[in-house]
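Q: Sharing a structure below in structure tokens format, with a few things to ask.
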Amino acid sequence: METAPKPLPFSATCVRISRDSYPNLRALRNASAMNLPDDDAAYIKLDEGDYGYVLDDVQHLTDYLPELPTFPNPLQDHPAYSTVKQYFVNADDTVPEKVVIQKNSQRGVHFRRAGPRQRVYFEPEDVKACIVTCGGLCPGLNTVIRELVCGLSHMYNVSDIFAIQNGYKGFYSSNYLPMTPKSVNDIHKRGGTVLGSSRGGHDTNKIVDNIQDRGINQVYIIGGDGTQKGAYEIFKEIRRRGLKVAVAGIPKTIDNDIAVIDKSFGFDTAVEEAQRAIDAAHVEASSAENGIGLVKLMGRYSGFIAMYATLASRDVDCCLIPESPFYLEGKGGLFEYIEKRLKENNHMVIVVAEGAGQDLIAKSIPVADQLDASGNKLLLDVGLWLTHKIKDYCKSKKMEMTIKYIDPTYMIRAIPSNASDNVYCTLLAHSAIHGAMAGYSFTVGMVNGRHAYIPFHRVTSTRNKVKITDRMWARLLSSTNQPSFLSEEDIEEAREADRLANRPPLPAGTSEHTKKHSMSLLANGEK
């Protein structure tokens, strides 16, 4: 009797998605709620297995340089790893995007697990690495820099490590500064970044020209979604030129709005520091008759800092975020709630994210849209605007009231990271090093508690936002006892937006098999 051939492992059945098989790319895009341009199709790698398993894989040097030699990983002889039960991550280990499933659910989308590989594509003496920080500040930047330098040096015996100063423009406008474990020894105790940072300055060709001219073969890029988009463009140009260079992105944003990952480093520190401002507002408010403490926190598009700081504080009476619209006047409005809380408690504390209420401000203060160097819309000061609006309302009602406005925006991002963020930064840096040494180009992040290598397009195609239809926002409303400011129509509209984000229509001409597979992925991909 003839036996069936043994199935190939996942790594041997990689499916490269091209324009010719665009419905398959669309299926994954539907599953992941992505919005990718067509020319990115050549950079998508899918590895499909049984029971609906899909690995959304990262780029590797051998995708365009197939004859590269490999070398034993130096960690196998490292004394620090001599007691580790298993030195290396299994080649086919993956991390699921969705961790909560039902017994009949398909396996869904996975990412490649981070960690050291048994074979590497760089010999330590040949490595020439550079590190750059871009965008705004964030607690933990110096910790990541330190651990990249120390990890490369101590784990892999790399000696050529260089700093790129002042963001992307530093690739072609500044000298490359050598870095050693001694030179970065104490930098984790300081806030900010010792490398300097800036917005904009991204000239892909100039950057890659300098990488090529200086013989750099590992690039570590620390920054937010705009920075990771830049890292993706740098990788694509490196691949077009056929250069043996690994690009490792380490996502950084104080707003915690990077897609896919559990949270960004520095977020816990920012929330902890925000407590100081909230505590001060509460003291000021409770020490005055009809006292109001108003605190503005960072959160351009996503209100995670405001939401978590409110939940942690328990002294906040109202939290306003960009994702949840609010209104001032009339029944159920903010003014009515303020009047009610002052009558009940004689004081109240309001927390507002910087991106909240921008539509209301625009109606009362018409201004031309302006952008910063990163292309972000410049926001009006919602805290100052709200302070004046509350004063005017109380004056019209002949209510005695004292309001104190506290803006700790830059204070919470300029401090050193706390203990938990320091540990997280260390693990991110080490995961980035292991991935780059193994020849991958990726963004690294924690997904469901496990570190994973995530394709650049996945963390740049969407933005993580607070879901006002989620239980966490309901917990906040229960904690503060504030009104939701939403009508039934608003709630249904938010629910429909969530459904559409997770289930966009399939293109005409898609096969029935692809439709079924896509719908199963969609069902498993919802969060």
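What follows draws every value from the coordinates through simple rules; no lab data is involved. Computed from a prediction, not measured in an experiment: that's the story for all the values here. We place every Cβ from the backbone using ideal geometry, glycine too, and count neighbours over all the protein chains shown.
Q: Kindly rank 182-190, 282-290, 150-158 from highest to lowest mean number of other beta carbons found within 10 Å of each residue. Working shown, then result.
A: Numbers: 182-190: 14.8, 282-290: 17.0, 150-158: 19.9.
Output ranking for 182-190, 282-290, 150-158: 150-158, 282-290, 182-190.
Q: Please list, in order along region 339-353, the HN-Hα scalar couplings obtained from phi with the Karplus expression 6.51 cos²θ - 1.76 cosθ + 1.60 (θ = phi - 60°), rounded to whole Hz, x for Gly and Pro.
A: The phi angles translate into 4, 5, 5, 5, 5, 7, 10, 6, 6, 7, 10, 10, 10, 10, 6 Hz.
Q: Using a/c under 1.5 as the rounded threshold, could you call region 218-271 rounded, prolate or oblate? The axes a ≥ b ≥ c are square roots of the C-alpha gyration tensor eigenvalues, and prolate needs a/b larger than b/c, oblate otherwise. Provide the component values of the computation, followed by the final result.
A: Working: a/c = 3.52, a/b = 2.73, b/c = 1.29.
Since a/c reaches 1.5 and a/b is larger than b/c, the shape of region 218-271 is classed as prolate.
Q: Could you name the lysines in cross-link range of K391, using Cα to Cα under 23 Å and dropping any fewer than eight places away on the same chain?
A: K296, K331, K340, K343, K363, K404
Q: Quick one: which of 46-52, 391-397, 271-277 comes out on top by average Cβ neighbours within 10 Å, and what's the full order, highest first?
A: Working: 46-52: 15.1, 391-397: 13.4, 271-277: 19.6.
The packing order, highest mean first, is 271-277, 46-52, 391-397.
Q: Moving to a separate point now. Output the pairs from K45/K229; K182/K229; K182/K244; K98/K236 with a Cα-Cα distance over 22 Å in this structure; if there are none, say none.
A: Beyond 22 Å: K182/K229; K182/K244; K98/K236.
Q: List the residues, sorted by chain then number, that are 5 or more residues from V447 or on another chain and whose placed amide H is less than 5 Å from its amide H.
A: Result for V447 returns D262, A452.
Q: May I pose another question? Would you list, by chain and number, the aspartates and glutamates whose Cα falls below 13 Å from the Cα of K206, excluding same-chain residues fewer than 8 positions away?
A: Partners found: E233, E237.
Q: Taking the alpha-carbon distance from K397 and a cut-off under 12 Å, which aspartates and glutamates remain once sequence neighbours fewer than 8 residues away in the same chain are dropped?
A: E336, E339
Q: Just add up the charged neighbours of Y220: K/R +1, D/E -1, any other residue whose Cβ is under 14 Å from the Cβ of Y220.
A: After counting each charged neighbour, the total is +1.
Q: Based on the mean of other Cβ atoms within 10 Å per residue, sort peptides 256-266, 204-214 so the most packed one is first.
A: 256-266, 204-214
Q: Using 0.36 nm per residue, how much length does the chain from K343 to T83 gain when fully extended, once their Cα-Cα distance is taken away?
A: Stretched fully, the K343-T83 segment lengthens by 87.2 nm.
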